[in-house]
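Some notes on the structure that comes next.
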Amino acid sequence: MNFLKRAGKSIMARKGKTLILLIILSVIGSLVLSGFAIQHAAKSAGEEARKELGATVTLQVDRQKQMQERQGSGERGRPEQQAISLEEIESIAKLSKVKSVNYVSQTTATSSIVDPVTSEATGALDEKTAADIIQLFQRLAHESNRCVITVTHSAEVARAANHIIELKQQRFQMRTNLHPQTVSH
């Protein structure tokens, strides 16, 4: 007897099992096909929504990949940043599908020469001594071409700074003081 004839007789002999297995196979197959259809519909809907509503695109350097490459080559230290040029930003902004561009640049500066000064509670000092300390810091910074970082609650001390970074409503705000004042006695 050939193979197909025997398979047919076996199926007929076990009609109940065959019917149940056929139904299970049909259900599983339809569920899998439904899943593919739903996935495709969701993807299409997402693309259509992005076309209608717009999308946000962020370009950034993959620092982890840079560090891994540097470690693999044996280099040490921080990798150099590859900034996007203003010409590239302007060309992106001129594209017809681009509504607006928000360019944010982050810079990190490090120094091999740092001379920290211990914290001094100038708030507990009289006004003349506090003013003398701030003037001393200003003079030393100017003479040695160094940066002095002061953390204070005093608005008068802050007015003596060239750059002021304030923490307001859980956000940092930076402003440049074009006319730093001398702290008065």
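The values are calculated or read from the model by the stated rules, or taken from the named source; none is laboratory data. It should be emphasised that the depicted structure is a prediction, and the values quoted were computed from it without experimental measurement. Cβ coordinates were reconstructed from backbone atoms using ideal geometry, including for glycine residues, and neighbour counts include every protein chain displayed.
Residue check, residue 120 against (1) part of a loop (DSSP other than H, G, I, E, B); (2) at pLDDT 80 or above, all met but one. Which one?
For residue 120, the failing item is (2).
How about the stretch 1-47: which of its residues are charged (D, E, K, R) and assigned to a helix (DSSP H, G or I)?
Answer for the stretch 1-47, where residues must be charged (D, E, K, R) and assigned to a helix (DSSP H, G or I): 5, 6, 9, 15, 17, 43, 47.
Of the residues that make up the stretch 146-164, is at least one over 37 Å from the mean Cα position of the chain (by Cα) and either at pLDDT 75 or above or on the phi < 0 side of the Ramachandran plot (or both)? Working first, answer last.
Kept after step one, since they are over 37 Å from the mean Cα position of the chain (by Cα), are these residues of the stretch 146-164: none.
No; the residues of the stretch 146-164 include none that is over 37 Å from the mean Cα position of the chain (by Cα) and either at pLDDT 75 or above or on the phi < 0 side of the Ramachandran plot (or both).
Got at least one residue in the stretch 73-84 being surrounded by 10 or more Cβ atoms within 10 Å (Cβ to Cβ) and either modelled with pLDDT of 75 or more or polar (S, T, N, Q) (or both)?
Of the stretch 73-84, the ones surrounded by 10 or more Cβ atoms within 10 Å (Cβ to Cβ) are 75, 78-79, 81, 83-84.
Narrowing the set further to residues that are either modelled with pLDDT of 75 or more or polar (S, T, N, Q) (or both) leaves 81.
Within the stretch 73-84, one or more residues are surrounded by 10 or more Cβ atoms within 10 Å (Cβ to Cβ) and either modelled with pLDDT of 75 or more or polar (S, T, N, Q) (or both).
Would you check if there is a residue in the stretch 172-181 being modelled with pLDDT of 80 or more, surrounded by 10 or more Cβ atoms within 10 Å (Cβ to Cβ) and in contact with a Lys or Arg (Cβ under 7 Å, 6 or more places away or on another chain)?
No; the residues of the stretch 172-181 include none that is modelled with pLDDT of 80 or more, surrounded by 10 or more Cβ atoms within 10 Å (Cβ to Cβ) and in contact with a Lys or Arg (Cβ under 7 Å, 6 or more places away or on another chain).
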